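Structure first, then comments.
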Amino acid sequence: MSVRDSNGTELADGDSVSVIKDLKVKGSSQVLKRGTVFKSIKLTSKPGEVECRDGRSTMVLKTEFLKKV
């Protein structure tokens with residue numbers, strides 16, 4: 001099973017991705033701004049989601065809002 005970003009590019013563990021639109025973080029007042037880069041992503045068991053670390057917190061983001069850098 002392949003995981004693809006919003007442009008159709010295949011993603012793998014350790015890739016860097018950027019956010020393509022402003023996203024509200026569920027359960028927080030934080031907003032991820034467009035262009036924010038996450039390095040060293042991890043693939044999850046769900047094909048439409050990846051795990052990213054932002055400082056000391058870990059988030060799961062949908063691949064439809066990401067593009068490979």
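Mind giving me the FRET efficiency for residue 25 and residue 69? R0 is 25 Å, r the Cβ-Cβ distance, nearest 0.05 is fine.
Calculated value: 0.75.
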Quiz item: In the full protein assembly as shown, how much of residue 20 is accessible to a 1.4 Å probe, in Å² to the nearest 10?
Solution: 70 Å²
Quiz item: What ³J(HN,Hα) values, in whole Hz, does the Karplus curve 6.51 cos²θ - 1.76 cosθ + 1.60 give for the stretch 26-41 when θ = phi - 60°, with x put for Gly and Pro?
Solution: 5, x, 8, 8, 6, 10, 8, 6, 4, x, 4, 9, 10, 9, 6, 6
Quiz item: Taking amide hydrogens as modeled 1.01 Å from N in the peptide plane, which residues meet the under 5 Å criterion relative to residue 36, leaving out close sequence neighbours?
Solution: 19
Quiz prompt | residue 44 versus residue 13: modelled label distance in nm, points set 7 Å from Cα along the beta carbon direction | solution = 1.7 nm
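Hey, got the dipole for the chain? About the Cα centre, +1 on K and R Cβ, -1 on D and E Cβ, debye to the nearest 20?
Dipole size: approximately 260 debye.
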Quiz item: Rounded to a whole number, what is D in µm²/s for the chain from Stokes-Einstein with the Kirkwood radius over alpha-carbon pairs (25 °C, 0.890 mPa s)?
Solution: 205 µm²/s
Self-check item: Cut-off 20 Å (backbone N to label point 7 Å along Cα→Cβ of residue 56), residues of the stretch 24-39
Solution: 25-32, 39
Quiz item: Per-residue HN-Hα couplings for the stretch 56-69, Karplus 6.51 cos²θ - 1.76 cosθ + 1.60 at θ = phi - 60°, whole Hz, x for Gly and Pro?
Solution: 9, 9, 10, 10, 10, 10, 7, 5, 5, 9, 10, 9, 6, 9
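The values are calculated or read from the model by the stated rules, or taken from the named source; none is laboratory data. These figures come from a predicted structure and were not determined experimentally. Cβ sites come from the backbone with ideal geometry, for glycine too, and all protein chains shown count toward neighbours. SASA here: full protein model, heavy atoms, side chains in, ligands and nucleic acids out. Shrake-Rupley method; radii C 1.70, N 1.55, O 1.52, S 1.80 Å.
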